[in-house]
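The values are calculated or read from the model by the stated rules, or taken from the named source; none is laboratory data. Keep in mind it's a predicted model, so treat the numbers as computed, not measured. Glycine also receives a Cβ, built like all others from the backbone with ideal geometry; neighbour counts cover every protein chain displayed.
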């Protein structure tokens, strides 16, 4: 009888644990859905962070970080790795409801990789838009997460930014500088079909900064 009682207690404990795990998963899923639904108002949330790497013009590779403060004191985050020479938005990071402590840690980690400077939200949005438009003119689409991350750009009029954002190489030709995750053969093949073998520049090897 004692042995049966112990087995029964263990079985009940396992059931309780499974129920608690399901409840936790349900709450997390509901919280994510609530965070997503609230984003229709994102365009009026105050911008808390607007940064770009200091040498984005020289490298033609921009790490753009934007964060808006939500009414619940969490943050909507959108980050973009923008190749202005050829490929546009190569990577995007998105979080609809990031706690302040996690945002601070992420920005500290980013600063450890490269020097980040404050910039106007209009310039940040203009860099992203310019990269996307230029890449699409060459036949390259932005990173799959771009469509979600760009919600952070709502309400920002990048046309009001007076600063120029140059795309392509010095002679107007695309400059493809391959990164560690690029399909070099596919990119070069597309450029050759679009522009011919002499219509672009190509350099192998360049570290990306938004992993």
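Tell me which residues, restricted to region 84-106, are more than 13 Å from the chain's Cα centre (by Cα) and either assigned to a helix (DSSP H, G or I) or more than 14 Å from residue 67 (Cα to Cα) (or both).
Looking only at region 84-106, we keep the residues that are more than 13 Å from the chain's Cα centre (by Cα), and these are 84-87, 97-105.
Listed by number, the residues that qualify are 84, 85, 86, 87, 100, 101, 102, 103, 104, 105.
Restricting to region 39-68, name every residue that is part of a loop (DSSP other than H, G, I, E, B) and buried (at least 17 other Cβ atoms within 10 Å of the Cβ). Hits for region 39-68 are 45, 60.
Would you pick out the residues in region 113-122 that are outside any helix (DSSP H, G or I) and within 19 Å of residue 76 (Cβ to Cβ)? Show your work before the answer.
Filtering region 113-122 down to residues outside any helix (DSSP H, G or I) leaves 114-120.
Within region 113-122, 116, 118, 119, 120 meet the criteria.
Does residue 33 satisfy the condition of being at pLDDT below 95 and either under 30 Å from residue 139 (Cβ atoms) or assigned by TED's automatic domain parsing to the domain that holds residue 151 (or both)? Here the answer is no, as residue 33 does not meet what is asked.
Residues of region 123-153 that are part of a helix (DSSP H, G or I), more than 16 Å from the chain's Cα centre (by Cα) and surrounded by fewer than 17 Cβ atoms within 10 Å (Cβ to Cβ): 133, 136, 137.
Every test in (1) out of contact with any helix residue (DSSP H, G or I) (no Cβ under 8 Å at 6 or more places or on another chain); (2) on the phi > 0 side of the Ramachandran plot is passed by residue 136 save one, and that test is (2).
Give me the residue from region 69-83 that is within 30 Å of residue 168 (Cα to Cα) and more than 9 Å from the chain's Cα centre (by Cα) and, out of that set, surrounded by the fewest Cβ atoms within 10 Å (Cβ to Cβ). The extreme case among them is 83. Of the residues making up region 70-96, those that are more than 27 Å from residue 165 (Cα to Cα) and touching a strand residue (DSSP E or B) at 6+ places or on another chain (Cβ under 7 Å) are 70, 74, 75, 96. May I ask you to verify whether residue 64 is at pLDDT 75 or above, under 21 Å from the mean Cα position of the chain (by Cα) and either closer than 30 Å to residue 174 by Cβ or not assigned by TED's automatic domain parsing to the domain that holds residue 180 (or both)? The answer is yes for residue 64.
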